[in-house]
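Q: What follows is a single structure, and I will ask about it in a moment.
The values are calculated or read from the model by the stated rules, or taken from the named source; none is laboratory data. What you are looking at is a predicted structure, and each value in this text was computed from that prediction instead of being measured. Here the Cβ is made from the backbone with ideal geometry for all residues, glycine too, and neighbour counts use every protein chain on show.
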Amino acid sequence: MFVIRQAAIPEVGESDIVIDHGHIVEVVEHYDGDYESEYNAKGLFAFPGGIDMHVHFRIPGNPEKENWVSGSRVALAAGYTTVCDMPNTTPATISVRAVEEKKALIQRDAKVRAELYIGATSDNLDEIIAAQDMVCGVKVYYGTSTGNLTMNDPEALRELFEARLRVPIVIHAEDDACIEKHAQELATYSGVDKHSKVRDKDAAITAVRDIIALIKETGATNVHITHVTTAEEIALIQQAQNEGVHITCDVAPHHLTFTIDDYERLHGQLQVNPPVRTHEDVEALWQGIRAGVVSCIASDHAPHTLKEKKSDHAPSGIPSLHVELLLLLEHASSDFSYADIMHLTSTFPAQLLGFTDRGAIEKGKRADITLIDPAIHTSITKENMHSACGWSPWKGKTFSHSIAATFVDGQLFYERGHFTYDI
Ligand code: NCD
Ligand code: ZN
């Protein structure tokens, strides 16, 4: 037995967490039974390990951007114990075989729980159906993004919705026709905010509107929109939810932080799909979280090298997993509680993705646990973000909380800046 002592668990209160063989066997006010070792967590919050349902760890294809050695470090230092990897790798993860190959490749290096998506194309529904029990979900690039794994094809989307899959369909919702139209109109425009103008909010709003209509037509119950960015999408999704439509969504840390005003300072480093928007949109996303329209935070951690991001043809994508939990903790207040943050970062993603063994600190769950120190701050540096890409748009930013320790299966893997395993 291993006991984490006097940890403050949201919704439960100060407790001892008793762990055996990687699982939580008891959560009590005071445990006075036998034990082999203990960890003093007085003054710290205990959260179920973070579950990030949207990362790009770049294997196979681009280990210099991220890989499972570096990515595991990013995750553990950020308080995350499960990450769900997207299929736009090189080659893309769009078949049973590709899922198997990716699993074999990452197994040796992953120190966190690795879950994989299969990507949807216009003609791989058979593979998707066959891969259902091997993946946590299906990713649809309804709008073109890094990796060119696009399926801007309403008929193929209808078939996917009608397939009644057991796993969620997670959609990147931008409409390519809108994007192409703006690209032509802005061919000679060279302002720093060009990316946000070309991928204007109408692309996202149109896609979300079409998807909601398709959910209504097909009766699909497993559709999730990832990285919502605008006030209008929040309003559309809220309205649909109020009508009883099964639709959920997440937001990403960069869209909760940056606006078009930050292009002057960050240029191509800020380029991401969907793009950053206005202050009003940022405020609407926070409001969407408070109102329960947004059910979780997902990083869309998408590292590229700084050299690429500083070039004239910067690829889209921002590393963001390292600030995901810290950013929410920074906003902990009377109307946005630690319990809310626990739901957004762990409980809801576990429910959505069917991880019944995770998402809460309670008897029977895996002992994936993050301890948070509200009294010690974190300043983001190139070193403490741990990513292979080596840069962060939050560099220099100080957050009010810090990650004190991260346990996977009851084993301490990270403690205040240090990893407790080899490599
Ligand atoms: C992602 C990437 O780099 O893989 N880029 C991004 O701008 N978000 C791709 C994606 O998820 O759209
Ligand atoms: Zn992504």
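Q: Please go through the stretch 150-192 and give me each residue that is touching a residue at least 40 places away in the same chain (Cβ under 8 Å) and within 14 Å of ligand 1 (Cβ to nearest atom), ordered by number.
A: Val170, Ile171, His172, Ala173, Glu174
Rundown of residues vs (1) out of contact with any helix residue (DSSP H, G or I) (no Cβ under 9 Å at 6 or more places or on another chain); (2) within 24 Å of Pro274 (Cβ to Cβ), yes/no style:
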| residue | (1), (2) |
| --- | --- |
| Val96 | no, no |
| Leu105 | no, no |
| Asp109 | no, no |
| Ala114 | no, no |
| Glu127 | no, no |
| Ala131 | no, no |
| Met134 | no, no |
| Val138 | no, yes |
| Tyr141 | yes, yes |
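Q: Regarding Gly147, is this residue within 16 Å of ligand 2 (Cβ to nearest atom) and without any contact (Cβ under 8 Å) to a residue 40 or more places away in the chain? Walk me through it before giving the result.
A: Working: within 16 Å of ligand 2 (Cβ to nearest atom): yes; without any contact (Cβ under 8 Å) to a residue 40 or more places away in the chain: no.
Here the answer is no, as Gly147 does not meet what is asked.
Q: What's the total number of residues in the stretch 363-391 that are touching a residue at least 60 places away in the same chain (Cβ under 8 Å), over 18 Å from Thr406 (Cβ atoms) and among the charged types (D, E, K, R)?
A: Looking only at that region, the number is 1.
Q: Considering only residues that are within 12 Å of ligand 1 (Cβ to nearest atom) and among the hydrophobic types (A, V, I, L, M, F, W, C), look in the stretch 248-271 and name the one that is nearest to Val170 (Cα to Cα).
A: Applying the filter and picking the extreme gives Ala252.
Q: Please return the ranges of strands (runs of 3 or more DSSP E) entirely within the stretch 369-423 where 2 or more residues are among the hydroxyl-bearing types (Ser, Thr, Tyr), under 27 Å from Ala7 (Cα atoms) and not assigned by TED's automatic domain parsing to the domain that holds Tyr263.
A: Details: elements: 369-373, 402-408, 411-415.
Correct list: 402-408.
Q: Looking at this structure, is Val138 of a type outside the set (Gly, Ala, Ser), crowded, with 23+ Cβ neighbours inside 10 Å, more than 16 Å from ligand 2 (Cβ to nearest atom) and modelled with pLDDT of 95 or more?
A: Details: of a type outside the set (Gly, Ala, Ser): yes; crowded, with 23+ Cβ neighbours inside 10 Å: yes; more than 16 Å from ligand 2 (Cβ to nearest atom): no; modelled with pLDDT of 95 or more: yes.
Answer is no for this residue.
Q: If you check every pair at least six apart or on different chains, which have Cβ atoms under 7 Å apart with a residue in the stretch 318-336 that is outside the structural domain of Pro349 (by TED's automatic domain parsing) and more than 15 Å from Val251 (Cα to Cα) first and a residue that is crowded, with 24+ Cβ neighbours inside 10 Å and modelled with pLDDT of 95 or more second?
A: Pairs that qualify, where the first residue is outside the structural domain of Pro349 (by TED's automatic domain parsing) and more than 15 Å from Val251 (Cα to Cα) and the partner is crowded, with 24+ Cβ neighbours inside 10 Å and modelled with pLDDT of 95 or more: there are none.
Q: Taking the conditions exactly as written (within 14 Å of ligand 2 (Cβ to nearest atom) and at pLDDT below 95), does Asn88 satisfy them or not? Explain how you work it out, then say what you get.
A: Values: within 14 Å of ligand 2 (Cβ to nearest atom): yes; at pLDDT below 95: no.
No; evaluated as a whole, the condition is false for this residue.
Q: Within the stretch 280-289, does at least one residue satisfy the condition of being in a loop (DSSP other than H, G, I, E, B) and crowded, with 19+ Cβ neighbours inside 10 Å? Before the answer, list the steps.
A: First pass over the stretch 280-289, keeping only residues in a loop (DSSP other than H, G, I, E, B): none.
Looking through the stretch 280-289, none of the residues is in a loop (DSSP other than H, G, I, E, B) and crowded, with 19+ Cβ neighbours inside 10 Å.
Q: I would also like to ask the following. Residues in the stretch 113-137 that are part of a loop (DSSP other than H, G, I, E, B) and among the small types (Gly, Ala, Ser): how many? Outline the logic, then answer.
A: To start, the set of residues in the stretch 113-137 that are part of a loop (DSSP other than H, G, I, E, B) comprises 120-124, 132-136.
Remaining after also requiring among the small types (Gly, Ala, Ser): 120, 122.
Qualifying residue count for the region: 2.
Q: Could you figure out which of (1) surrounded by fewer than 20 Cβ atoms within 10 Å (Cβ to Cβ); (2) at pLDDT 95 or above isn't true of Ile423?
A: (2)
Q: So which residues in the stretch 272-313 are small (Gly, Ala, Ser) and within 16 Å of ligand 2 (Cβ to nearest atom), if there are any at all? Show your work before the answer.
A: We begin by selecting, within the stretch 272-313, every residue small (Gly, Ala, Ser); these are 284, 288, 291-292, 295, 298-299, 302, 311.
Passing the criteria: Ala298, Ser299, Ala302.
Q: Something else about it: Among the numbered criteria (1) touching a helix residue (DSSP H, G or I) at 6+ places or on another chain (Cβ under 6 Å); (2) outside any loop (DSSP other than H, G, I, E, B), which single criterion is violated by Gly359?
A: (2)
For every residue, the table says whether it meets (1) within 20 Å of the chain's Cα centre (by Cα); (2) of a type in the set (Phe, Trp, Tyr).
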site	(1), (2)
Gly61	no, no
Lys103	yes, no
Gln107	no, no
Thr121	no, no
Tyr141	yes, yes
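Q: Output the number of residues of the stretch 272-303 satisfying the condition of being in contact (Cβ under 8 Å) with a residue 24 or more places away in the chain, polar (S, T, N, Q), out of contact with any Phe, Trp or Tyr (no Cβ under 6 Å at 6 or more places or on another chain) and more than 16 Å from ligand 1 (Cβ to nearest atom).
A: Matching residues across the stretch 272-303 total 1.
Q: Within the stretch 342-363, is there a residue that is away from ligand 2 (no atom under 16 Å from the Cβ), touching a Leu at 6+ places or on another chain (Cβ under 9 Å) and of a type in the set (A, V, I, L, M, F, W, C)?
A: yes
Q: What's the total number of residues in the stretch 218-268 that are in a helix (DSSP H, G or I), more than 19 Å from Arg199 (Cβ to Cβ) and within 16 Å of ligand 2 (Cβ to nearest atom)?
A: Total meeting the criteria: 0.
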